[in-house]
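Notes follow once the structure below has been shown.
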Amino acid sequence: MSLIPSIPENTPHILVFGMGGTIAGLAPNPEETPLQYQAGQVGVDALVSHIQSAIPGGIQLVSQQLANINSRNLLDADLTLLGQSVKEALVDDAVKGIVITHGTDTIEETGLFLQAICGKLAHTQAKRVILTGAMLPSNALGADGPSNLLDALRWASTSIENCPGGIYAVMDGRGCMAMDLAKRHATALNAPLQNSPSSSVGLINPSWLSGVKAVQHAWNEDLPIPQEGEWPWVEILTSHAGARPETVAQWLKSDVQGLVVAGSGQGGFHDAWAEPFKKAMAQGIALVRTTRTGAGTTLPNIPELDAPGCRASGVLSAPRARIALQLALNAAKQSNLAGKPLTWQDFFARIADLPEIR
Ligand code: ASP
């Protein structure tokens, strides 16, 4: 852990966790080809030092590098480490807020994960956890990382009346609940929250804020973090024209515990997959249907009746539904061991059936 500048222990501070990403990326030839670069090259200390002079006085910062990766390579173990670190920081009296610099490719997964494992804790501790990243590497002309990091630091440290404790994300001057992140554009500076309910970070939009409060009111209990090596194996399969039964059937011979179908339209899938899915569910493999369209809700029994063992994802996209299913399978296993048998569907519902922010 490093202190910037050195501060005595127990000094109130904002903790900045570095995970890597484009915000920490370097392009060998930034003027000619800024989008040809390597993510996760610059340390979080340097990212924070770079904006030190613009940080409002009185905010003390401590930074800690947890990983420095291209987030397309994010591992279950990275999430376990991040989740445990954030939970520890949330109960540390000296930590007033938390900022996480992260790659945007899988920031969607991390956003949902953090909400599910410590959304309640952040709310009750009245602390904000803010994910941010960048679409341009740190040495590109007009790099967006410094302003995103500054916005995140300001938001993490402003008074709680402005916006309650919880898990949020900031990009391109806007903030959203981290569980609403969805990177749906390859290059736009606001890609991860372009289609998400959001607010300007400067002036919080009251209708967005009341939506946030409704979600937080409905969020009663955080889910346990799977230990490294104990994450259930869940895969995503995309239904498409010309789909073959073998694509599903091959999983029946594996140890996979869950499948998320990125279905067409309202979350339906190719008829060729109906038989192998039936076999998968008979084998105890959990099945979640979602839509590959990129927006909208996947409803139960629409467009056809769901077989027992299959659940619609609600508003969750395929990457988010995959994390939710992993956490739900893990929580169901632990609740069984504790003699309180709840199903994965019970835990999945807690995440998928939340009020929608409009
Ligand atoms: N590939 C990069 C990453 O996710 C993209 C980014 O950060 O924008 O780490």
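The values are calculated or read from the model by the stated rules, or taken from the named source; none is laboratory data. Computed from a prediction, not measured in an experiment: that's the story for all the values here. FYI the Cβ positions are ideal-geometry reconstructions off the backbone, even for glycines, and counts take in every protein chain you see.
Numbers at a glance
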{"read-out": "Single match in Leu35, Leu3 (criterion: at pLDDT below 95 and in a strand (DSSP E or B))", "value": "Leu3"}
{"read-out": "Which listed residue is touching a Ser or Thr at 6+ places or on another chain (Cβ under 8 Å) and more than 16 Å from the ligand (Cβ to nearest atom), from Ile23, Ile14", "value": "Ile14"}
{"read-out": "Odd one out for Asp255, checked against (1) at pLDDT 95 or above; (2) assigned to a loop (DSSP other than H, G, I, E, B); (3) under 19 Å from the mean Cα position of the chain (by Cα)", "value": "(3)"}
{"read-out": "Residue among Ser210, Ser239 that is modelled with pLDDT of 95 or more, among the hydroxyl-bearing types (Ser, Thr, Tyr) and more than 19 Å from the chain's Cα centre (by Cα)", "value": "Ser239"}
{"read-out": "Wholly enclosed strands (runs of 3 or more DSSP E) of the range 145-248 bearing at least 3 residues within 30 Å of Lys279 (Cβ to Cβ)", "value": "234-238"}
{"read-out": "Hits in the range 80-105 (condition: touching a Phe, Trp or Tyr at 6+ places or on another chain (Cβ under 7 Å), surrounded by 24 or more Cβ atoms within 10 Å (Cβ to Cβ) and assigned to a helix (DSSP H, G or I))", "value": "none"}
{"read-out": "Ala134 vs. criteria out of contact with any Pro (no Cβ under 9 Å at 6 or more places or on another chain) and within 24 Å of Arg320 (Cα to Cα)", "value": "no"}
{"read-out": "Only listed residue being closer than 25 Å to Met179 by Cα and either within 14 Å of the ligand (Cβ to nearest atom) or touching a residue at least 60 places away in the same chain (Cβ under 8 Å) (or both), chosen from Leu35, Leu90, Leu61, Leu131", "value": "Leu131"}
{"read-out": "Extreme residue, modelled with the lowest pLDDT, among residues of the range 174-190 that are of a type in the set (A, V, I, L, M, F, W, C) and under 14 Å from the mean Cα position of the chain (by Cα)", "value": "Ala182"}
{"read-out": "One residue from Asn195, Asn220, Asn190, Asn205 being out of contact with any Phe, Trp or Tyr (no Cβ under 8 Å at 6 or more places or on another chain), within 18 Å of Gly314 (Cα to Cα), polar (S, T, N, Q) and surrounded by fewer than 22 Cβ atoms within 10 Å (Cβ to Cβ)", "value": "Asn195"}
{"read-out": "Selection status of Leu66, in contact (Cβ under 8 Å) with a residue 12 or more places away in the chain, more than 10 Å from the ligand (Cβ to nearest atom), part of a helix (DSSP H, G or I) and not hydroxyl-bearing (Ser, Thr, Tyr)", "value": "no"}
{"read-out": "Hey, Arg320 among the basic types (Lys, Arg), out of contact with any Phe, Trp or Tyr (no Cβ under 7 Å at 6 or more places or on another chain) and surrounded by 14 or more Cβ atoms within 10 Å (Cβ to Cβ) or not", "value": "yes"}
{"read-out": "Any hit, the range 106-126, residues being within 30 Å of Pro30 (Cα to Cα), surrounded by fewer than 24 Cβ atoms within 10 Å (Cβ to Cβ), away from the ligand (no atom under 16 Å from the Cβ) and touching a residue at least 12 places away in the same chain (Cβ under 8 Å)", "value": "no"}
